[in-house]
Amino acid sequence: MNIKDALQNKKLLILLGPVLGLVMFAVTVKMASSLMKSEYRDAYRAPAATADQTPRVAGEAEEAANAAKVAQDKPYKEVDYRTFPLVGSRVAIWMVAQLHLLFAAFVLAVPIFAFIVEAIGYKTGDPRYDRLAHEFTKLLSVSFSLTATFGAGLTFMLIILYPKFTNYLMSVFSPTFLPYVLLFFAEAFFLYTYYYGWGKFHPLVHLGLGLGLNVVGTGIMLIANSWLTFMMSPKGVSSSGALLSLTDAIYNYTWMPINVHRVIANIAFGGSVASAYAAFKFLHATTDEERAHYDWMGYIGNFVAISAFLPLPFAGYWLAKEIYAYSQTLGLTMMGGAFSWLFIIQAVLIGNLFLGANYYLWLGMGRVEGAQPFQKFVKYLLAAIVVCFMVWATPRSIIATVSEIRAMGGSAHPVLGFLGVMSAKNTAVNILILTTFMSFLLYRRTGKISTVGWAKAGQAAQLVIFALVAVFVIFLGVYGYFVEATVRIKLSVPQVLSVLLAMVSITVIDVFLFRQPRKTGEVRWGRIPAVSQYVLIFVAVTFTWLMGLMGYVRSGLRQHWHVYGIIRDNSVDAFTPTLGFATKVVSVTVLLFFLLIGVVFWIASLHDQPDFAERSKARRRGGSGEVSPELPVPSPGA
Amino acid sequence: MRIPHSIRVAALVLATTAFYGYVGQLVPQKEVQPPQETAFAADLSTADMAKVGRQIMEGKGFCLTCHTIGKTGALRFPDLAGVDVRAMTRVPGLNDVEYFAQSMYEPTAYVVPGFPPAMPPINKPPIALSDQEILCVIAYLQTLGGTPTVTLQTKHHYNGGAAAPGAAAAPAAPPAPGAVGK
């Protein structure tokens, strides 16, 4: 019997356990007695009462008494700030808050689309959807624990590092804390019953648990959002900060736009991280069934992410509008002051997101038989995206030497400078959204032909709507150069509305056009180049980085204020750091997040691993011990 | 040798993050310090006040975030070149000092046609310039088309002086052609 087998012999282990315990006890007693013998002992001295007190002893006694008195008289002093070692308080709070938010966003988003996918499965009776929703939910429980851990860490750090400010915030929002805690308990209840109760309840009861999880999660987010938006756009308090109305403090200027923006952004982010998980599993898949399943999962995750991402700029526009409505100074600090260059970085990120998402869709066309007629449009779509990306990323002013500035006649380039203004950028982003929407539409049509009698008219109507809206958006963009500021700033509203109208109307027509289509080819899930999976991971990292950057601008916008215009930041970190420094912090935070999410993926994948005993048996039989998990095989054409 | 997917994924995450971090280093780097209270010598001359006023406009006052000096075309907020000339006559009954003071203490009292009523009160948080700092800004604004006249002791409607329509008007420079009414 070798050592490995001996270690697995239960009888032997039961026998050896008490023996080992006795031996350890004997060793402990021996060590203790040996230490006692060699213990240091003071030399004998006469008791203090029987010896005369020397002047030195008297002096020492007096000193001790004085020290005790000083200690007793020391007044209690409330500190305003404490310092975190090495990186400082701000960076420490920043990173912990960002990690908390990233996990919270994931935990809030996944139940939304898991619930929708499960509901589709229930409605259609297709078990694949149920399994997919379950797989998404597997990622939740560990993420939930990490969210709570970072949340607790953030709270303690705020109390320790910013005690006075935290105390103020608590004095304003203390009535919201109990509902927050109760909702948190409710979320834990719903989450764990939703996950562990999979298949144990009637489907409608289980869907009810999922709905409860979403409602409670959203409630938690709304409460937390009121705290942070109050810091940015305080309301319901006097000029000195005294609370006048809690309702107003909660329902401040930016609360509702942030709520809407966060729900949409969370879905986009959650979808992208879930698709990154699927991509990771796809790359490590060993069978065609696994590849097919994870290809499908990645596709759904990416579909969720991009569907939520398309309306996100509109929600962002609303938020920016409310920031301007609250304080022009705040708005101009964001768009024209210290943070204006941040939006060039944002343009690079969003441009990459659009490019990545479109590239994935174009690669995905290859898995559908009969996609060739649509692939010829890809080059035009790519050209449109690149042009829009370039316009959006054009800065208004250029970093240049004195001689270069003289040669240009100013800090703005004589030609490209015209593209650096909001008229051009708004136009570019709207066309970018329209183009990506077209990519989706083309992908949706691959392998299908409409059979309705009005197919030609319907498709012509879609094309006309698309062309009209594109022309209208470009016209308004150009028109903006020739009108006064009061007119120009209002032009983005019709631009946004027309693009939304186009997306909704074209989708409605498309749904009816392809209700019962004739199929020209099947979808061969899993038949997609591996590079597509790296694109999904790239998109997830970019989304995460973008969230980190926009989290920074939302919070950093207050500059030297804890609560804008009310409670000033007097700490050593009150200055606004350079964008270079901020992006370094964001990068490190994103890397930490992916390190942790890697752990989440690993723990979630343990669920699919065969039990230890099974693996041992398989090993004894001479196999590798790898047992392929039972996976749903998507039916053709899904 | 085939590189395992895990290593490739880790490299991709690292490279993507590093790339965006690098992009962040390419844009202009500016650290913005919180504004400090300006200390004024009692005998600060009007010319020195104008210099201080210019510094306040660039920094603590955030004025030049929105306003331009000597720029034409589609502007979002009024250009300040030659503004003193216009300030003398823009609001009937207000001289340039009173007009500038009103623009900063009560900016929506009069809004230049064609521009949004977007300027915040400059004496209140978050900008919260002191009365003396605002006088310095007025001294600088007076140099744009006129000659500065204010001192740290100058009183206007918003710092304890009585409303003084037309009083203590600064010596006006001749209006530049086409500047009035802009």
Along each principal axis, Cα extent of the stretch A:529-606, largest first, Å: 53, 26, 18
Peptide A:325-334, shielding by other chains (average Cβ, 10 Å cutoff): 4
Furthest towards positive pole of dipole, B:Phe62, A:Val539, A:Leu182, structure part the protein assembly as shown, Cβ charges: A:Val539
Filter on A:Lys235/A:Lys425; A:Lys10/A:Lys617; A:Lys235/B:Lys71 - keep pairs with C-alpha separation over 28 Å: A:Lys235/A:Lys425; A:Lys235/B:Lys71
Residue-averaged 222 nm ellipticity for chain B, from DSSP H runs of 4+ at -39500 (n - 2.57), nearest 500: -11500 deg cm²/dmol
Net charge of neighbours whose Cβ lies under 13 Å from the Cβ of B:Gly161, counting Lys and Arg as +1 and Asp and Glu as -1: -1
Residue mean of other protein chain beta carbons inside 10 Å, A:572-579: 4
Scaled radius of gyration (Cα, divided by 2.2 N^0.38 Å) that chain A gives: 1.23
Shape of the stretch A:467-617, Cα gyration tensor, a/c cut at 1.5: oblate
Inter-chain shielding of B:119-131 (mean C-beta neighbours from other protein chains, 10 Å cut-off): 3
Ranking of A:Ile566, B:Ile69, B:Ile3 by count of other Cβ atoms within 10 Å, fewest first: B:Ile3, B:Ile69, A:Ile566
Rounded Å value of the spacing that divides the Cα centres of the stretch A:87-121 and the stretch B:57-77: 40
Relative packing of B:13-22, A:239-248, which averages over residues the other C-beta atoms within 10 Å, highest first: B:13-22, A:239-248
Residues whose placed amide H lies under 5 Å from that of A:Ile567, excluding near-sequence neighbours: A:His562
Sorted by Cβ density within 10 Å, fewest first, the residues A:Phe575, A:Phe612: A:Phe612, A:Phe575
Taking A:Cys388, B:Cys136 and counting other C-beta atoms within 10 Å, the order from fewest to most: A:Cys388, B:Cys136
Max mean-square fluctuation residue, GNM over chain B, Cα-Cα springs under 10 Å, options B:Ala87, B:Ala128, B:Ala109: B:Ala109
Hz values of 3J(HN,Hα) by residue in the stretch A:430-446 - Karplus curve (6.51, -1.76, 1.60), Gly and Pro given as x: 5, 5, 4, 5, 4, 5, 5, 4, 5, 4, 4, 4, 5, 4, 4, 8, 4
Leading residue at positive end of dipole, chain B (Cβ point charges), from B:Tyr158, B:Val13, B:Gly82: B:Val13
About the Cα centre, charge dipole magnitude for the protein assembly as shown (Lys/Arg +1, Asp/Glu -1 at Cβ), debye: 2360
Estimated [θ] at 222 nm from DSSP helical runs (n ≥ 4, -39500 (n - 2.57)) normalised by residues in chain A, nearest 500: -24000 deg cm²/dmol
Within-13-Å neighbourhood charge of A:Phe84 [Cβ basis; K, R +1; D, E -1]: +1
Neighbour net charge for A:Ser327 - beta-carbon separation under 12 angstrom, K R +1, D E -1: +2
At 1.567 mPa s and 4 °C, Stokes D of the stretch B:46-143 from Kirkwood alpha-carbon radius, µm² per second: 96
Built amide H within the under 5 Å cut-off of B:Val32, gap 5+: A:Thr576
Rounded to 5, the percent of DSSP beta bridges in the protein assembly as shown classed as antiparallel: 90
J(HN,Hα) series, the stretch B:46-62, from Karplus relation 6.51 cos²θ - 1.76 cosθ + 1.60, nearest Hz, glycine and proline x: 4, 5, 5, 4, 4, 5, 4, x, 4, 4, 5, 5, 6, x, 3, x, 6
Crossing angle, helix A:163-173 versus chain A [Cα axis fit, 0-90 degrees, rounded to tens]: 60
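None of the figures in this text is laboratory data; all of them are computed from the coordinates on show. Here the structure is a predicted model, which is why all the values come from computation and not from measurement. Here Cβ is always computed from backbone atoms with ideal geometry, including for glycine, and neighbour counts include all displayed protein chains.
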